[in-house]
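J.: Have a look at this one.
The values are calculated or read from the model by the stated rules, or taken from the named source; none is laboratory data. Treat the numbers as computed from the prediction; the structure is a model and nothing was measured. Cβ placement follows ideal geometry from the backbone for every residue including glycine, while neighbour counts extend to all protein chains displayed. To get the accessible areas, we keep the full protein, side chains included, count just its heavy atoms, and leave off ligands, DNA and RNA. Shrake-Rupley method; radii C 1.70, N 1.55, O 1.52, S 1.80 Å.
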Amino acid sequence: MGLANIIGLCLGWGLIIMSIALGGIDKLGTFIDIPSVFIVIGGTFASLFVAYPLASVLGVHKFILVSFTAKDRDPVQAIEQIVSLSEAARREGLLSLENHMEEIDNKFLATGIRMAVDGMSPEVVESVMNIEIDAVSGRHLYGKTVLGKLGQYAPAFGMIGTLIGLVLMLADLDPDKIGAGMAVALLTTLYGAIISNLMFLPWADKLALINDDEMQIMEITLKGVIAIQSGENPRVIKQKLLMYLPPSKRPEENEEA
Amino acid sequence: MGLANIIGLCLGWGLIIMSIALGGIDKLGTFIDIPSVFIVIGGTFASLFVAYPLASVLGVHKFILVSFTAKDRDPVQAIEQIVSLSEAARREGLLSLENHMEEIDNKFLATGIRMAVDGMSPEVVESVMNIEIDAVSGRHLYGKTVLGKLGQYAPAFGMIGTLIGLVLMLADLDPDKIGAGMAVALLTTLYGAIISNLMFLPWADKLALINDDEMQIMEITLKGVIAIQSGENPRVIKQKLLMYLPPSKRPEENEEA
Amino acid sequence: MGLANIIGLCLGWGLIIMSIALGGIDKLGTFIDIPSVFIVIGGTFASLFVAYPLASVLGVHKFILVSFTAKDRDPVQAIEQIVSLSEAARREGLLSLENHMEEIDNKFLATGIRMAVDGMSPEVVESVMNIEIDAVSGRHLYGKTVLGKLGQYAPAFGMIGTLIGLVLMLADLDPDKIGAGMAVALLTTLYGAIISNLMFLPWADKLALINDDEMQIMEITLKGVIAIQSGENPRVIKQKLLMYLPPSKRPEENEEA
Amino acid sequence: MGLANIIGLCLGWGLIIMSIALGGIDKLGTFIDIPSVFIVIGGTFASLFVAYPLASVLGVHKFILVSFTAKDRDPVQAIEQIVSLSEAARREGLLSLENHMEEIDNKFLATGIRMAVDGMSPEVVESVMNIEIDAVSGRHLYGKTVLGKLGQYAPAFGMIGTLIGLVLMLADLDPDKIGAGMAVALLTTLYGAIISNLMFLPWADKLALINDDEMQIMEITLKGVIAIQSGENPRVIKQKLLMYLPPSKRPEENEEA
Amino acid sequence: MGLANIIGLCLGWGLIIMSIALGGIDKLGTFIDIPSVFIVIGGTFASLFVAYPLASVLGVHKFILVSFTAKDRDPVQAIEQIVSLSEAARREGLLSLENHMEEIDNKFLATGIRMAVDGMSPEVVESVMNIEIDAVSGRHLYGKTVLGKLGQYAPAFGMIGTLIGLVLMLADLDPDKIGAGMAVALLTTLYGAIISNLMFLPWADKLALINDDEMQIMEITLKGVIAIQSGENPRVIKQKLLMYLPPSKRPEENEEA
C-alpha cells in the first residue's frame, strides 16, 4: 500500500508547488516561513501531548510508518500456505509441522502452529490467538484515532497562527505592509489545511483499511490453525477458507466435482 | 437511474454556465483556469491515493459508472421469472431447469438455479448466495465511501488553492491586480464546491440507493431459489415473495380466494 | 399539523420582508433576482436528480404536501372506534362487522377488519398489517431523507452562486459597482439559508414527527384488530390499548373497580 | 438546579453588557435594535412552527421553566421514605399504608402505593409505573430536542439577518454609512450566537441531565414499591435500593453486621 | 500521564508566545486584554452554569486535576500484587489476608479483599465491586462531557466577543482606529481557539483515555479478588489475568511448562 501513499504525497505536494510556481518561481520563498511551520506543527503536537501519554506521542511516527510499509497481503497465498501445512500434518502427523516452522513467514500463523504442535487444547489456541487479534486491531485503531486527532488539531492551530498574524498586522497598521502581513498570516491556515487533508486524515483512513485487511487474514489464519489441529481434510479446509473471500478475489478453480 | 443522473448534471452545469453568461458571455473564459482545475481535482485524488490502495483509486471511475448504468430493476419482474421457473420445476422436475438456464438474464438467479440443479444442499446454496450478497453490498458501500471521501477532500483542496492564490496576490500587492488575483483565487473554492455538491456527494448517495434496491432483489432471489429447491407451490412462492415489496409496488392481483 | 406549518411560513417570510422593508420599501426589489433564484433552487434540485431516481425527485412535492395535510390524529378516537367494533363483534359475531365496514374512516383499520372477517388467520393478519406499517414508515423516512438532502444542498448552491457573483465582480473591478455586485452575489447565500432553515430542514423534521404519530396509531390499530379477532372483552381491549398512550393523553376515566 | 441556571444567565449577560460598556457606556444603545431582535427570535420560532405542531411551540416555555424549577431531588431521602413505608407495611399490613398516603410528597410513589393498596398484581403495578416512567422521559427528551432545534435555528436566522443587512448596505453604498450599516447587520449574528450558546443549547443539555436524575429516582421508587408489595424486609430493601447510588452519594452507614 | 500534559501545555503556550515575540517583543502586551479574557472564560463558564448543576461547575477543577495527576498505573504490577496475595491466602488461609491489608496500596483491591475476608459471598463481592467500577467510569465520563462542553462553548464566546468588538468599532468608524479596534476584537476569537484546542478538548480526550486504563485495572482486580476467594492456584490466576493484557505489555516469561 506504500506505493499509492508515496504517489499521493508526491502528486499532492507537486501540484501545490506547481501552483505556486505558476505565480512566479521566485514566489516559492514567500510560502516558506519557519515560525509558521513551528506554530502549526508544534502546536498540533502540543495538543497531542496534552491529550495522550508520552509514549503514544513519541511513537506517532510508527503509526505513520505503518501506512507506508504495510504490505498488500494476499489472503489467497495465506490460505495456500495453511492448506499445504494441513497436507503435511495429514501425511506425517501434527508433530511433524515442527520441521516446517522455518518455512512460515506469517508470524501469527507460526505462533498458532507452534501452540498446536505443543499440544495445547484448541480452546486455548483459539483464545490466545483471539487476544492477539484484538491486540493488533486495538493498536491499529488507536493509531487511527491519534492520526485523526492530529488531522483535527492541525487546522485549529493553522487558524490560531493566522489570528496571531492578523492581530500583529492590525495592531500596527502600516498600509505598505498590509499585504505582506496578511500573506504571512494566511500561511499557517494553508499549512494546517495541507497537512490535515493531504497527510493526517488520509493516513488515519489508511490505517483503518490496513486493519480491515489484516483482520481478514488473521481470522482466516485462526480458522485454518483450528482446522489443521482437528485434522480436517485439506480440500475441505481450502474450500472453507476461500468462503471468507469475495468471489472476485478467489482463484480460478478447475474443480470437477 | 442513469437518466436522472444525466438530467441532474446537465441542469446543474447548465444553470452554473447560464448564471455566468448572464454576467456577460465574454466572462465565461474568466471561469476557466487550468492550474486551478489541476490543484482541485489533482489534490483531491492525491489525498485519495494517500488513503486508499492503488487499485481502488484507479478503479474509481467504475464506481461513478455504476451510478449511471445501474438499471432500475423491477422486483416484480424478478419475482415473475422465479415463479415461472418454479412452475417448470414442478411440471418437469428440478433437473429440467437445466434447459431454462439460457432464458435467465439475472446472473445471480442463474448461479442459484445452477447450484440447485447440481444437487447442492439448500444450506450450501443459501450460504454461497449470502456470501455473494455480502460481496456485492460490500463493493457498493466501499464505492460510496470512496466517493464520499472525494466529496470531503474536494472543498478542502478548493480552500488550499484559494489560500495559495491569496498569498500570491497579497505578497505582491498591486492595487490594479487585486481584483483579478482574488477572482482567480476564488475559482478553486468554486470548483471544489461544485464537484463536491453536484457530483461526488450525490453520487455517493446514489450508490447507497442502488445498493438498497439490489439488496432487495437479491434477497428475493435467494428466497425464491430456496423455495424452488424445496418444491413449494408456485402460487405460494409468488405470494411469499410479493410480501417483500411495499403494497404500492405489488401488481394488481385478481385473486378470487 | 398544517396550521402550525402555515403560521411558521407566514411568520418567517413576513419577518424577512418586514426586515427588508424597514431598510426602505423601495429596497424590496433589490432582494429579488431571478437568476439567483434559478441557480439556488435549480442547483439544489440538480443535485437531487443526480442522487435520486427520477420518480423520487418528481414526487418531492408529495412529501412537502404531507407536512401540510397530515391531520393531527387522535389516538383516543381510534381506540374508541376499535372498542365499539369489538362490542359489535361480541354482540353479533365477528362476521357482522361486514355491516360496519362503511363506518370505518381509518383505511388501515378497515383493511385489518376486512381480513379478520374474511377468516384469515391472526398470524397472516398481523404479518400483512406489519408489512403495511413498514411501508408507511419507510415512505415517511424516505421523504424525510430527501427533504433533508434539499436542506443540505441549498446552502451549498447558495455559496456556489455567491462565488460566481464575486468572481464576476472581481474580474472586472469597477469601484462604482462593487457594492451592487456584492449585494447581488450575497443574495444566493441568503436564498440558500432561508429555504434550507425555514423550509426544507423543518419540513424534514416534521415528516419524522408525523411518522412517530402515525406509527403509534397504526400499532394500536394492529393490536386492536388482533384483539377483536380473538374475541377479547371490549373493556379489556380498551384498557390495554390506552396503555400505549402517555397518561396525559388518556381520557378521564370514571372507573369504579 | 435553578440556582446555577440563574447564576449562569446573570454572569453571561453581565459579562456581555460589561464588555460593551467598556467600549463606552453610551454604546449600549448601539447594541439594541428591535427589528434585529424580531428577525432572530421571530425567525427561530417561525422555523419551529414549521417543524412542530402548534401545541409544542406554544408550550416551549414549559420546557424552559423545567430547567429552572426542577429541584435537586435527593435519592437518599426518597429511599428513606420508601423504607419507612415498608416498615409500616410490615408492622401494620399493606392495607394500613392507606393512612400514610397523605405523608407521601412524591406523586409517583403515591400512585404506586395506591395501586399496591388497591390489590393490583405486582405485574400490573410494574407495567403501569413503567409506562409513566417512559412518559416522563419522553416528555423531557422531547423538550431537549425542541430546545436543541431552537439552538440550531437561532444562529441560522442570525446569519439571515446579517445577510439582509449587508445586501441593504451594499446596494446603496454610501461610504459614510458603511460602518453603521455593517454594525447593525452584525447584530443579528451576535444575537443568534448569544441566545443559542448561552440559553437554548445549555437548556437542552440541562433537560437531559434533569431527565437522568429523575429517571434514577423513578427507577428506585419502582423497585421500592414492588419490594414493599412483596413484603420484603425493610433493611434488605434499604440495602438493595442504596446499591443504585454511587458510593459517594450513599449516606454514612454505621452498620454492625 | 501528567508529564505529557505539562510538556504539551508548555510547548503549546511557548510556541504561541514565541510566535508573537517574533513579531516584536513589545507586541506581547497587545495580546493581553483583560476584558477579552473575562468575556471568553467567563462566558464559557456562564453557559456551563446554565447547563450543569452548581456542584459540577464548581468541581470542574477536579476533572482538570485528574488529567494531571492520574498515574500511569502498571497493570502488571497490579497483577503481581494480586498473585502474591493469592499465594498468602493459599499458604495461610483466606483470613490471614487481614494481616496484609496495610501492604495494599490499591484501594479498590483493598475493598475487595476486605469483603472476601469478611466472608461475603462471591456474588455480593462481585456486585459491590461492579457498582464501584460503574461509579468510577461514570465520574470520568461525566468529567469528559463537562470538559468537552467547555471546549464547545469557548470558541462560541470567542466569536461573541469578536462580534461585540466589531460592532463597537464599526459603529464609530474612525479610520485611524480601525486596525487597533479589529486587533482587539480578534483577540477573543484567538483566546477561544487556544483554550478550546490546547486545553479543554485534549483534556476531555485524556479523561477518556485515563478511564480506559483504569477500567482495565479495575476489571483485572475484580477477577483477581474472585479468584483468590475461590482459592484458585496462584499460577493459574497469574496466567488468567495476564490474558487481559496485550502481548506487548506482558512481562517476559521464562515458563518451562
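J.: Condition (residue is buried (at least 17 other Cβ atoms within 10 Å of the Cβ), more than 27 Å from A:Gly59 (Cα to Cα), among the hydrophobic types (A, V, I, L, M, F, W, C) and without any contact (Cβ under 8 Å) to a residue 60 or more places away in the chain) applied to the range A:101-109: is it met by at least one residue?
T.: Scanning the range A:101-109 turns up at least one residue that is buried (at least 17 other Cβ atoms within 10 Å of the Cβ), more than 27 Å from A:Gly59 (Cα to Cα), among the hydrophobic types (A, V, I, L, M, F, W, C) and without any contact (Cβ under 8 Å) to a residue 60 or more places away in the chain.
J.: Test D:Ile16 against the criterion of being part of a helix (DSSP H, G or I), crowded, with 21+ Cβ neighbours inside 10 Å, facing chain E (nearest Cβ under 10 Å) and β-branched (Val, Ile, Thr), and give yes or no.
T.: In short, yes.
J.: Can you name every residue in the range B:171-214 that is surrounded by fewer than 21 Cβ atoms within 10 Å (Cβ to Cβ) and either touching a strand residue (DSSP E or B) at 6+ places or on another chain (Cβ under 8 Å) or under 17 Å from C:Tyr52 (Cβ atoms) (or both)?
T.: Matches in the range B:171-214: B:Ala208, B:Leu209, B:Asn211, B:Asp212, B:Asp213, B:Glu214.
J.: Mind listing whichever residues of the range C:216-233 are assigned to a helix (DSSP H, G or I) and small (Gly, Ala, Ser)?
T.: The first filter runs over the range C:216-233 and keeps only residues assigned to a helix (DSSP H, G or I), leaving C:216-229.
Within the range C:216-233, C:Gly224, C:Ala227 qualify.
J.: Among the numbered conditions (1) assigned to a helix (DSSP H, G or I); (2) among the hydrophobic types (A, V, I, L, M, F, W, C); (3) closer than 28 Å to B:Lys149 by Cα, tell me where A:Val236 comes up short.
T.: Looking at each condition in turn, A:Val236 falls short on (3).
J.: Shifting gears a bit: Answer yes if at least one residue in the range A:149-163 is surrounded by 13 or more Cβ atoms within 10 Å (Cβ to Cβ), within 27 Å of A:Val40 (Cβ to Cβ) and aromatic (Phe, Trp, Tyr), and no otherwise.
T.: Yes - at least one qualifying residue is present in the range A:149-163.
J.: With (1) open to solvent by less than 30 Å² (accessible area, probe 1.4 Å); (2) under 30 Å from B:Ala193 (Cα atoms) as the list, and B:Ala135 as the residue in question, which single condition is left unmet?
T.: (2)
J.: Could I ask something else about it? Looking at B:Asp172, is it more than 12 Å from chain C (Cβ to nearest Cβ) and without any contact (Cβ under 8 Å) to a residue 24 or more places away in the chain?
T.: yes
J.: Then there's this: Of the conditions (1) under 25 Å from the mean Cα position of the chain (by Cα); (2) surrounded by 13 or more Cβ atoms within 10 Å (Cβ to Cβ), A:Leu97 clears all except one; give me its number.
T.: Only one criterion is unmet by A:Leu97, namely (1).
J.: Output the number of residues of the range D:41-51 satisfying the condition of being farther than 10 Å from C:Leu11 by Cβ, within 7 Å of chain C (Cβ to nearest Cβ) and open to solvent by 10 Å² or more (accessible area, probe 1.4 Å).
T.: 0
J.: So C:Ala204 ticks every box in (1) farther than 21 Å from D:Ser127 by Cβ; (2) without any contact (Cβ under 8 Å) to a residue 40 or more places away in the chain but one. Which box is left unticked?
T.: With (1) farther than 21 Å from D:Ser127 by Cβ; (2) without any contact (Cβ under 8 Å) to a residue 40 or more places away in the chain applied to C:Ala204, the lone miss is (2).
J.: Condition test on E:Ser56, is it in contact with a Lys or Arg (Cβ under 6 Å, 6 or more places away or on another chain), open to solvent by less than 20 Å² (accessible area, probe 1.4 Å) and assigned to a helix (DSSP H, G or I)?
T.: Against the criterion (in contact with a Lys or Arg (Cβ under 6 Å, 6 or more places away or on another chain), open to solvent by less than 20 Å² (accessible area, probe 1.4 Å) and assigned to a helix (DSSP H, G or I)), E:Ser56 does not qualify.
J.: If you check E:Ala70, E:Ala4, which single one turns out to be of a type outside the set (Val, Ile, Thr), crowded, with 20+ Cβ neighbours inside 10 Å and free of Cβ contacts under 8 Å to residues at least 24 places away in the same chain?
T.: Just a single option satisfies the conditions, and that option is E:Ala4.
J.: (1) open to solvent by less than 40 Å² (accessible area, probe 1.4 Å); (2) within 14 Å of chain D (Cβ to nearest Cβ); (3) of a type in the set (D, E, K, R): which one isn't true of C:Lys144, the others all being true?
T.: Result: C:Lys144 fails condition (1) only.
J.: Still on this structure: Counting only residues that are more than 7 Å from chain D (Cβ to nearest Cβ) and assigned to a loop (DSSP other than H, G, I, E, B), which one in the range C:19-40 is surrounded by the most Cβ atoms within 10 Å (Cβ to Cβ)?
T.: Filtering the range C:19-40 down to residues more than 7 Å from chain D (Cβ to nearest Cβ) leaves C:21, C:24-26, C:28-29, C:32-40.
Still in the list and also assigned to a loop (DSSP other than H, G, I, E, B): C:24, C:32-33.
Details: C:Gly24: 12, C:Ile32: 9, C:Asp33: 19.
Per the criteria, the residue is C:Asp33.
Residues are listed down the side, and each one gets a yes or a no for (1) over 27 Å from E:Leu186 (Cβ atoms); (2) touching a residue at least 24 places away in the same chain (Cβ under 8 Å); (3) acidic (Asp, Glu):
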| position | (1), (2), (3) |
| --- | --- |
| E:Leu11 | no, no, no |
| E:Thr30 | no, yes, no |
| E:Val37 | no, yes, no |
| E:Phe49 | no, no, no |
| E:Tyr52 | yes, yes, no |
| E:Ala55 | yes, no, no |
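J.: Another question about this same structure. D:Leu97 - would you say it is within 14 Å of chain E (Cβ to nearest Cβ) and assigned to a helix (DSSP H, G or I)?
T.: Answer is no for this residue.
J.: Kindly list the number of the only condition in (1) open to solvent by 30 Å² or more (accessible area, probe 1.4 Å); (2) at pLDDT below 90; (3) over 30 Å from D:Thr30 (Cα atoms) that fails for E:Glu219.
T.: E:Glu219 satisfies every listed condition except (2).
J.: Run C:Ala78 past the list (1) within 14 Å of chain B (Cβ to nearest Cβ); (2) in contact (Cβ under 8 Å) with a residue 24 or more places away in the chain; (3) not β-branched (Val, Ile, Thr) and report the number of the one that doesn't hold.
T.: (1)
J.: Okay, moving on. Which members of the range D:1-27 meet the condition of being over 30 Å from D:Asn211 (Cα atoms) and modelled with pLDDT under 90?
T.: Answer for the range D:1-27, where residues must be over 30 Å from D:Asn211 (Cα atoms) and modelled with pLDDT under 90: D:Leu22, D:Gly23, D:Gly24, D:Ile25, D:Asp26, D:Lys27.
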